[in-house]
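Before any comments, here is the structure.
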Amino acid sequence: MRIFVGCSSNSNVPLEYRELASSVATMLANNNHKLVFKGEEEGMSGKCFMTFKYEGAKTKAIIDSSKLDDLKGLEVDAYEVEMNTFDRTKKIYSASEVVLILPGGLGTLAELFAVLEEKKNTNDDKPIILFNHDNFYTPLLKALKNLFSLGFVSESELKRIDVVSDVRSLELYLKTIENTKKEDD
C-alpha cells in the first residue's frame, strides 16, 4: 500500500524518535509498502526516507515549490511539486491509501487535521492512524474527547482516527486493512 508517513522534519528531535521512524519504516518496507512523504531529509522524516531507501522500497515525495531545492539531494523514485503546503497536503491525501501520523510538531498536526477534515468531507474510508508512541498524543486525544463532550466534535469525527502505540500493533493493523481490501476486490 502507499502510506503517507507524517512526522517531524526537525533535526533537533531526540534520537528516540528518529529511531522510532526508522523502526516503523523498516517494518513498512519489509511488508512491501511504499512511502509517500514530504520530501524532507531532516529529522524523523529524513530517517524514515533513508530507511526506505536502505531497504530498497519505493518512495514518492510530494513537496511544495518552495522546497524544490531540497529534493536535489534525495534519490526518490517519483515526485510531484505543488504550489504550497495546502495543495501539497491535499495531494498527499489523494496519493496515499493510508495516512500514518508519527510524533511531530505543528506541521504534522496541520497534516493530521487537514486529512481528518478531508476524510470527513469526502466521506471515504481511508485509514488515518495516529501512532501514540509513549503516550505522545494522549494529551491531544484527551483534548479531542473534551471537544466531543462540549459538542464541538461528533463521535463519528473521533472515530476517524485509529490509534496504535507500537510497531507490532501497526503491522497487525495494516495486515487487517490489506486483508479487507483483498476481500472487497
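Side notes on the structure shown:
- Residue within segment 89-96 that is of a type outside the set (Phe, Trp, Tyr), in contact with a strand residue (DSSP E or B) (Cβ under 7 Å, 6 or more places away or on another chain) and surrounded by fewer than 16 Cβ atoms within 10 Å (Cβ to Cβ) present: yes
- Checked against (1) buried (at least 17 other Cβ atoms within 10 Å of the Cβ); (2) over 17 Å from GLY104 (Cβ atoms); (3) more than 15 Å from the chain's Cα centre (by Cα), THR26 meets all criteria but (3).
- Scan of segment 38-86 for residues that are acidic (Asp, Glu), touching a strand residue (DSSP E or B) at 6+ places or on another chain (Cβ under 7 Å) and under 17 Å from VAL5 (Cα atoms), ordered by number: ASP64, ASP77, GLU80
- Segment 125-149, residues that are hydrophobic (A, V, I, L, M, F, W, C) and either over 25 Å from GLU97 (Cα atoms) or surrounded by fewer than 19 Cβ atoms within 10 Å (Cβ to Cβ) (or both): PHE136, LEU140, LEU141, ALA143, LEU144, LEU147, PHE148
- Tallying residues that are more than 26 Å from PHE136 (Cβ to Cβ) and not in a helix (DSSP H, G or I) within segment 73-105 yields 11.
- Listed by position, the helices (runs of 4 or more DSSP H) enclosed by segment 106-184 that each have at least 3 residues that are farther than 20 Å from ARG88 by Cβ, among the aliphatic types (A, V, I, L, M) and without any contact (Cβ under 8 Å) to a residue 40 or more places away in the chain are 138-149.
- Test result for TYR79, more than 21 Å from LEU158 (Cα to Cα) and of a type in the set (Phe, Trp, Tyr): yes
A short reminder: the numbers here are calculations on the coordinates, not readings from a lab. The structure displayed is predicted, hence computed values, not measured ones. Here the Cβ is made from the backbone with ideal geometry for all residues, glycine too, and neighbour counts use every protein chain on show.
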